[in-house]
Amino acid sequence: MDFTKDEQQLNNIVSRFEEEINNLRIGRAHIGMVEDVEVEAYGAKTPLRHVASLSTPDARTLLIKPWDKTILPAIEQALMNAHAGGAPIAEKDQVRISIPAPTEERRRELVKTLKNRAEEARISVRQRRDDIRKRIQSAEREGEISEDQKFFQNEKLEKLIETINKKLSGIAAEKEKEIMEV
């Protein structure tokens, strides 16, 4: 049996987990906090990243420079409605958001959220593993593979799952360290 497709699906679980935890607001400015905020521009809702350049001049500041200065008020309003982590301040031709440092209590809440999301990802991995095991069992019952091949495939599967779980744990540990950093 070939696990290529399954391995891709497992790696997608890891990627989804990374995306989810990147959106956790940890007191550091990052473009992901605002890039998908919908702005009313030119009669349609458009993601902020499509109408402005986004940058982080320092660890606590987001800088949004619209390509068309006439939509600056719409950007400011969209950011206020989105609760992007700090109050947007419109300047001459840009919007600046200062991100406040989270309190100790907030950091602990973020770590709890992180651990919950990590567990959800591990559950997805376990479900995927169970599906693959069922396929291996079924293949053996139908005579497609021998009993020895079944054990070999299960061993190969366990190594793959172990690798994926290590990736998840490493990512979660790194993010927890980042969250708890003062």
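Are any residues in the range 41-54 exposed (fewer than 14 other Cβ atoms within 10 Å of the Cβ) and out of contact with any Phe, Trp or Tyr (no Cβ under 9 Å at 6 or more places or on another chain), and if so, which ones? Don't jump to the end; show me each part of the working.
If we filter the range 41-54 for residues that are exposed (fewer than 14 other Cβ atoms within 10 Å of the Cβ), which is where we start, we get 42-45, 50, 53.
Result: Y42, G43, A44, K45, H50.
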Name the pairs whose Cβ atoms lie under 8 Å apart, with the first residue in the range 134-154 and among the acidic types (D, E), the second not in a helix (DSSP H, G or I), and 6 or more positions between them or separate chains?
-> E140/S146
Any chance you could count how many residues in the range 41-68 are at pLDDT 90 or above and among the acidic types (D, E)?
-> 0
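Which strands (runs of 3 or more DSSP E) sit wholly inside the range 1-112 and have at least 3 residues that are in contact with a helix residue (DSSP H, G or I) (Cβ under 9 Å, 6 or more places away or on another chain) and not assigned by TED's automatic domain parsing to the domain that holds K175? Show your work before the answer.
Working: elements: 38-41, 44-47, 52-58, 61-66, 88-90, 95-98.
Result: 38-41, 52-58, 61-66, 88-90.
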Residue pairs within 6 Å by beta carbon, gap of at least six or interchain, first lying in the range 44-71 and more than 26 Å from E178 (Cα to Cα), second of a type in the set (S, T, Y) and part of a strand (DSSP E or B), listed first then second, are K65/S53
Residue under evaluation I123, criteria (1) in contact (Cβ under 8 Å) with a residue 24 or more places away in the chain; (2) assigned by TED's automatic domain parsing to the domain that holds S15; (3) β-branched (V, I, T), criterion not met = (1)
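The values are calculated or read from the model by the stated rules, or taken from the named source; none is laboratory data. The shown structure was predicted, so the numbers you read here are calculated from the model rather than taken from an experiment. FYI the Cβ positions are ideal-geometry reconstructions off the backbone, even for glycines, and counts take in every protein chain you see.
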